[in-house]
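Asker: First the structure, then my questions, so here it is.
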Number of protein chains: 2
Amino acid sequence: MNQSYKQNQVISYYMCDRNQQLTLSMLVNLLMEVSENHSAGLGREESFMRERGISWIILRYEFNITRMPTYKEEVEIETFATEYNKLFTYREFIVKDKNNRQLIQVKATFALMNNATRKMNRISSEVVEPYGAEFSKRIRRSTKPQDVNSNQAEEKGYTVRYFDIDANQHVNNSKYIEWLLDSLSPAFLSAHEIQHGIITFDKEVKEGDTVKSIVSKRIKDELYSDHRIAVEGTIHASATFKWIEKSGMGLNDGNDQ
Amino acid sequence: MNQSYKQNQVISYYMCDRNQQLTLSMLVNLLMEVSENHSAGLGREESFMRERGISWIILRYEFNITRMPTYKEEVEIETFATEYNKLFTYREFIVKDKNNRQLIQVKATFALMNNATRKMNRISSEVVEPYGAEFSKRIRRSTKPQDVNSNQAEEKGYTVRYFDIDANQHVNNSKYIEWLLDSLSPAFLSAHEIQHGIITFDKEVKEGDTVKSIVSKRIKDELYSDHRIAVEGTIHASATFKWIEKSGMGLNDGNDQ
């Protein structure tokens with residue numbers, strides 16, 4: 001049976017942007033924490049994996065965001081593994097407010113990395129059995145981020161910092177998200193919020209790397225931004241976000257009452 | 001009577017560096033959260049302050065670190081206001097492990113900022129009365145960070161990012177700490193840990209600023225690093241850290257058992 005896990009979380013000041021809304025990179029950090037707590041409860045914590053020389057890596061996120069939680073708000077984060085095949089496992093996260101309304105849904109695709117070779121491992125039933133997810137022979141085909149339009153692209157450069165590297169000895173996924181979004185202007189980011197997003201992680205970024213974060217916008221009924229993270233011309237991550245204009249004041253103010 | 005406040009905190013993966021130890025910048029984020037919860041319990045939460053057009057700013061931290069907590073460790077963070085005068089309030093934090101051993105002691109100096117003028121306000125008894133700290137006419141003289149030795153200094157440049165700015169509309173203090181430490185080499189940071197540190201925040205860093213993080217090392221019985229954060233030649237923050245060599249392997253491994 002599919003094992004679900006829930007955890008409450010109060011949104012701290014340090015998790016928020018200048019508008020006191022949870023940032024996308026901190027959302028991902030919180031999801032990873034809930035995911036690890038879920039695994040630990042099933043005896044599949046990070047140290048279990050490490051002893052076997054393997055670790056989970058994230059290949060893809062898909063976000064559906066109704067509203068980002070705000071400073072001091074308490075939310076419930078639920079997660080469950082939905083399906084796995086020989087290469088990937090699929091996990092879902094649901095974030096709800098205190099009135100049980102869904103704020104965010106996230107789908108994540110994981111793979112197993114061999115820590116020594118840093119290549120992908122086959123997924124053994126020993127590792128995934130406790131989660132109760134269904135095995136499927138079929139490997140899902142999922143929507144990819146759209147290509148950047150290089151005629152209208154803008155880019156910013158970033159140097160990997162000491163604290164960007166996590167215990168997996170490569171840049172933490174949440175840092176890619178900061179680079180992805182920081183390529184957009186403050187004026188744009190202040191006036192818009194993400195309604196939907198797909199991020200794919202294609203290649204590790206390592207110490208000493210210099211990263212380019214490239215973005216172009218397009219309007220196709222709705223407003224989109226398409227992104228690439230590149231190191232020396234090689235794509236390391238891609239993303240497409242769908243944006244809506246912020247509904248003016250009230251969004252945060254309403255929640256402070 | 002002096003009102004103390006305690007809160008337990010489990011150290012998450014995203015709070016840790018590559019060695020699975022809590023980072024100094026995340027420590028500061030956690031302290032600020034505990035501080036705000038303390039204030040909220042006394043009816044002096046951030047919104048109380050905002051309604052009066054004022055907010056707390058940090059002018060100085062002093063850290064005494066016996067051991068940084070590690071991933072998944074549960075610690076207790078206690079805080080209390082110790083003293084105030086017409087310009088400053090002084091607060092202390094004690095971080096303890098589950099065996100009640102003190103891991104970290106932090107002293108912090110706060111001032112009140114007028115949000116409109118962004119200048120310092122006199123501290124009214126209305127604001128500080130509930131904390132039960134003692135009033136003292138005397139303004140404390142505290143040790144300052146030592147000057148950088150410009151003959152042996154190294155520097156790195158940083159551009160302020162969108163997500164560096166917090167709801168106070170200036171760069172969050174924890175980001176200064178990332179800049180301060182990132183000026184040291186990965187080899188040095190991996191092999192050493194901070195035993196003592198003083199950071200002073202002299203001037204706000206704002207959107208669009210380009211920051212230089214300047215560092216020099218010196219040995220005077222012990223190993224020290226002296227730091228400056230400068231924007232166009234003006235000092236915005238200073239720090240001095242005292243370092244010890246990491247006691248080899250075992251530090252983290254011991255805690256994973």
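Nothing in this text is a laboratory measurement; each read-out follows from the coordinates by a stated rule. Every value quoted in this text rests on a predicted model; they were computed, and no experiment measured them. Because the Cβ atoms are built from the backbone with ideal geometry, glycine has one as well, and the counts that use them run over all protein chains shown.
Asker: Explain nothing, just the number: dipole magnitude of the protein assembly as shown about its Cα centre with +1 on each Lys and Arg Cβ and -1 on each Asp and Glu Cβ, in debye rounded to the nearest 20.
Answerer: On the way: 68 positive and 72 negative charges, 77 e Å.
So the magnitude is around 380 debye.
Asker: Next up: With charges only on Cβ, +1 for K and R and -1 for D and E, what is the dipole size of the stretch A:145-257 about its Cα centre, in debye, rounded to 20?
Answerer: Working: 12 positive and 19 negative charges, 44 e Å.
Around 220 debye, computed over the stretch A:145-257.
Asker: Say we join alpha carbon atoms closer than 10 Å with springs in a Gaussian network model of chain B; which of B:A187, B:A111, B:A230 then has the biggest fluctuation?
Answerer: B:A187
Asker: Using the Cα atoms of the protein assembly as shown to build a convex hull, what is its mean projected area in square nanometres? Write down the numbers at each step before the final one.
Answerer: Numbers: hull surface 102.1 nm².
Projected over every direction and averaged, the Cα hull of the protein assembly as shown covers 25.5 nm².
Asker: Here is a follow-up. Hey, in the GNM for chain A with a 10 angstrom Cα cutoff, which one of A:D166, A:D202, A:D221 fluctuates hardest?
Answerer: Of A:D166, A:D202, A:D221, the Gaussian network model singles out A:D221 as fluctuating most.
Asker: Can you list the equivalent-ellipsoid semi-axes of the stretch A:1-142, largest first and in whole Å, using the square root of 5 times each Cα gyration tensor eigenvalue? Each step should come with its number before you reach the end.
Answerer: Values: eigenvalues 157, 49, 41 Å².
Three semi-axes, in Å: 28, 16, 14.
Asker: Please list, by residue number, every one of the GluC sites (Glu not before Pro) in the stretch A:1-109 that is coil in DSSP and has at most 16 other beta-carbon atoms within 10 Å. It would help to have the intermediate numbers written out before the result.
Answerer: On the way: sites: A:E33, A:E36, A:E45, A:E46, A:E51, A:E62, A:E73, A:E74, A:E76, A:E78, A:E83, A:E92; in loops: A:E45, A:E73.
Counting only loop positions with at most 16 other Cβ atoms within 10 Å, the GluC sites (Glu not before Pro) in the stretch A:1-109 are A:E45.
Asker: Another question about this same structure. If you put a point 7 Å past Cα along the Cβ direction, how far is that point for B:E155 from the same point in each other copy, in nm, smallest first?
Answerer: Here B:E155 shows inter-copy label distances of 2.7 nm.
Asker: Provide the net charge surrounding B:Y13, with neighbours chosen by a C-beta distance below 10 Å and charges set as Lys +1, Arg +1, Asp -1, Glu -1.
Answerer: Details: positive: B:K72; negative: A:E33, A:E36, A:E46, A:D166.
Net charge in that neighbourhood comes out at -3.
Asker: Please list, in order, the residues from the stretch A:85-110 whose amide nitrogen is less than 15 Å from a point placed 7 Å along the Cα→Cβ vector of A:N64.
Answerer: Answer for this model: A:91-96, A:101-108.
Asker: Measuring label to label, 7 Å along Cα→Cβ, what does B:E207 give against each other copy in nm, shortest first?
Answerer: With the label placed 7 Å along Cα→Cβ, B:E207 yields 3.5 nm.
Asker: Name the residue, out of A:T240, A:T159, A:T66, whose mean-square fluctuation peaks in a Gaussian network model built on chain A with Cα pairs under 10 Å.
Answerer: Of A:T240, A:T159, A:T66, the most mobile in the Gaussian network model is A:T159.
Asker: Pairs A:K242/B:K72; B:K86/B:K206; A:K246/B:K212; B:K119/B:K175: which are spaced more than 24 Å apart, C-alpha to C-alpha?
Answerer: Pairs exceeding the cut-off: A:K242/B:K72; B:K86/B:K206; A:K246/B:K212.
Asker: Put a point 7 Å out from Cα along the line to Cβ at A:K220; what are the distances to that point in the other copies, in nm, shortest first?
Answerer: Between copies, matching label points for A:K220 lie 6.3 nm apart.
Asker: Ok, one more. So the label point goes 7 Å from the Cα of B:E126 along Cα→C-beta, right? Which residues of the stretch B:31-49 then have their backbone N under 18 Å from it?
Answerer: B:40, B:42-49
Asker: Is the C-alpha gyration tensor of the stretch B:144-257 telling us rounded, prolate or oblate? Criteria: a/c under 1.5 is rounded; beyond that, a/b larger than b/c is prolate, otherwise oblate.
Answerer: Numbers: a/c = 2.25, a/b = 1.42, b/c = 1.58.
Oblate shape, in that a/c is at least 1.5 and b/c is the bigger or equal ratio.
Asker: Among B:V127, A:Y14, B:V10, whose Cα lies farthest out toward the positive end of the dipole of the protein assembly as shown, if unit charges sit on the beta carbon of Lys, Arg (+1) and Asp, Glu (-1)?
Answerer: Ranked along the dipole, the leading option is A:Y14.
Asker: So, one more: Treat every Asp and Glu Cβ in the stretch A:1-142 as -1 and every Lys and Arg Cβ as +1, leave all other atoms uncharged, and give the resulting dipole magnitude about the Cα centre to the nearest 20 debye. Before the final figure, lay out the partial values.
Answerer: Details: 21 positive and 17 negative charges, 130 e Å.
Dipole of the stretch A:1-142, to the nearest 20 debye: 620 debye.
Asker: Within the set of other residues whose C-beta is less than 12 Å from the C-beta of B:S190, count the net charge using Lys and Arg as +1 and Asp and Glu as -1.
Answerer: Numbers: positive: B:R18, B:K246; negative: A:E207, B:D17, B:E193, B:E245.
Combined, the nearby Lys, Arg, Asp and Glu give -2.
Asker: How long is the gain from A:K6 to A:L87 if the chain were fully straight, where each residue apart is worth 0.36 nm and the alpha carbon distance is subtracted?
Answerer: Numbers: separation 81, 0.36 × 81 = 29.16 nm, distance 2.61 nm.
Using 0.36 nm per residue and subtracting the Cα-Cα distance, I get 26.6 nm.
Asker: Translational D (Stokes-Einstein, µm²/s) of chain A at 10 °C and 1.306 mPa s when Rh comes from the Kirkwood sum over C-alpha pairs?
Answerer: Numbers: Rh = 19.2 Å.
In µm²/s, the coefficient is 83.
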